[in-house]
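Q: Take this structure first; my questions come after.
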Amino acid sequence: DPSAPITLRARKFITNRLLSRRQFILDVLHPSRPNVSKEELAEKLATMYKTEKARVVLFGFRTQFGGGKSTGFALIYDDEASQKKFEPKHRLVRKGLQPKVEKPSRKLRHERKNRAKKFRGTKKVKAAEPPKKGK
């Protein structure tokens, strides 16, 4: 049931002044529920450490075999500027602090590259475009 109590334990707590954040391993004890969402954990940590929810970054959670306990990593940034400076792009996208870069699929990129390999010079650009279906 979603209202069941959970216990949060911080291990290996470090105040990282170089990256202007607090970082720790988070143990979540949830005996009567399958798992806890990162959203809910972020809210709980924000109130625990008196910060806003947007500064809390959670990742790498694994539920222990048999359930009841999950372990992951938590970072709490001092401000948005340092978060944007030091967080990897994919986690910023997850947080909604940066737009997702839309690029063609991996297969399409490889096909385009291989088509271009058959030509030299300025013809390479033309080769990169998909072949015409007319003939």
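Q: May I have the extent of the alpha carbons of the stretch 67-119 along their three principal axes, as whole Å values ordered from largest to smallest?
A: In descending order, the Cα extents are 53, 36, 15 Å.
Q: For the stretch 66-135, what's the relative contact order in percent, using C-alpha pairs closer than 8 Å and at least 6 residues apart?
A: In percent, rounded to a whole number, it is 15.
Q: Just how much of S37 is accessible, in Å², when a 1.4 Å probe is used and the result is rounded to the nearest 10?
A: 60 Å²
Q: Please build a GNM for the chain, connecting alpha carbons under 10 Å apart, and tell me which residue among R91, R17, R106 fluctuates the most.
A: Of the options given, R106 has the highest mean-square fluctuation.
Q: Where the centroid of each part is defined by its Cα atoms, how far is the stretch 14-39 from the stretch 57-135 in Å?
A: The stretch 14-39 and the stretch 57-135 have Cα centres separated by 25 Å.
Q: Select one label from [x] 1.26; [y] 1.59; [z] 1.03: the one whose number is Cα Rg over 2.2 N^0.38 Å as derived from the coordinates shown.
A: Among [x] 1.26; [y] 1.59; [z] 1.03, the one calculated here is [y].
Q: May I pose another question? Can you tell me how much longer the chain between E80 and L29 gets when fully stretched, taken as 0.36 nm per residue apart minus their C-alpha distance, in nm with one decimal?
A: The E80-L29 span can extend by a further 15.4 nm.
Q: Related question: In percent, how large is the relative contact order of the chain, given Cα pairs closer than 8 Å and 6 or more residues apart?
A: 18 percent
Q: Tell me the angle of helix 106-116 to the major Cα principal axis of the chain, expressed in degrees between 0 and 90 and rounded to the nearest ten.
A: 30 degrees
Q: Quick check: at a probe of 1.4 Å, how many percent of the accessible area of the chain sits on carbon and sulfur atoms?
A: Result for the chain: 57 percent of the exposed heavy-atom area is carbon or sulfur.
Q: Rounded to whole Hz and in sequence order, give me ³J(HN,Hα) for the stretch 38-52 from the Karplus expression 6.51 cos²θ - 1.76 cosθ + 1.60, θ = phi - 60°, writing x for Gly and Pro.
A: 5, 4, 5, 5, 4, 4, 4, 5, 4, 6, 4, 9, 6, 9, 7
Q: While we're on this one: At what distance in nm do the modelled label points of V93 and K12 sit from each other, each positioned 7 Å from its Cα along Cα→Cβ?
A: Here the modelled spin labels are 2.7 nm apart.
Q: Mind putting a number on the dipole of the stretch 1-50 about its Cα centre? Charges go on the C-beta only, +1 for Lys and Arg and -1 for Asp and Glu, and I need it in Debye to the nearest 20.
A: The calculated dipole for the stretch 1-50 is roughly 420 debye.
Q: With +1 on the Cβ of every Lys and Arg and -1 on the Cβ of every Asp and Glu, and nothing else charged, how large is the dipole of the stretch 46-116 about its Cα centre, in debye rounded to the nearest 20?
A: 600 debye
Q: Considering only DSSP states other than H, G, I, E and B, which chymotrypsin sites (Phe, Trp or Tyr not before Pro) in the stretch 15-70 qualify as loop sites with at most 12 other Cβ atoms within 10 Å?
A: When the chymotrypsin sites (Phe, Trp or Tyr not before Pro) of the stretch 15-70 are filtered for loop state and at most 12 Cβ neighbours within 10 Å, F65 remain.
Q: Below 8 Å between Cα atoms, with a sequence gap of 6+, how large is the relative contact order for the stretch 1-41 in percent?
A: 41 percent
Q: Assuming R0 = 22 Å, can you tell me the calculated FRET efficiency for the pair K103 and A128, based on Cβ-Cβ distance, to the nearest 0.05?
A: 0.95
Q: With every protein chain left in place, what is the accessible area of D1 in Å² (1.4 Å probe, nearest 10)?
A: 100 Å²
Q: So, one more: Would you mind checking the stretch 1-27 for residues with the amide N under 14 Å from a putative spin-label position 7 Å along Cα→C-beta of E40?
A: Under 14 Å, as judged by backbone N against the label point of E40, lie 1-8 of the stretch 1-27.
Q: So if I place +1 on the C-beta of Lys and Arg and -1 on the C-beta of Asp and Glu, and nothing else carries charge, what would the dipole magnitude of the chain be about its Cα centre? I want it in debye, nearest 20.
A: 1780 debye
Q: Return the sequence-ordered ³J(HN,Hα) values of the stretch 117-127 in whole Hz as given by the Karplus equation 6.51 cos²θ - 1.76 cosθ + 1.60 applied to θ = phi - 60°, using x for Gly and Pro.
A: Each residue's phi maps through the Karplus curve to give 5, 7, 10, 10, x, 6, 5, 4, 4, 5, 5 Hz.
Q: Taking the Cα centre of the stretch 80-135 as the origin and placing charges on Cβ (Lys, Arg +1; Asp, Glu -1), which of P99, G121, P88 is farthest toward the positive end of the dipole?
A: Final value for the positive-end residue is G121.
Q: On to the next question. Considering only protein heavy atoms, what per residue accessible area in square angstrom results for the stretch 1-90 with a 1.4 angstrom probe?
A: It amounts to 61 Å² per residue over the stretch 1-90.
The values are calculated or read from the model by the stated rules, or taken from the named source; none is laboratory data. Computed from a predicted model, the values in this text were never measured in an experiment. Ideal geometry is used to build each Cβ from the backbone, glycine not excepted, and the neighbour counts take in all protein chains shown. SASA here: full protein model, heavy atoms, side chains in, ligands and nucleic acids out. Shrake-Rupley method; radii C 1.70, N 1.55, O 1.52, S 1.80 Å.
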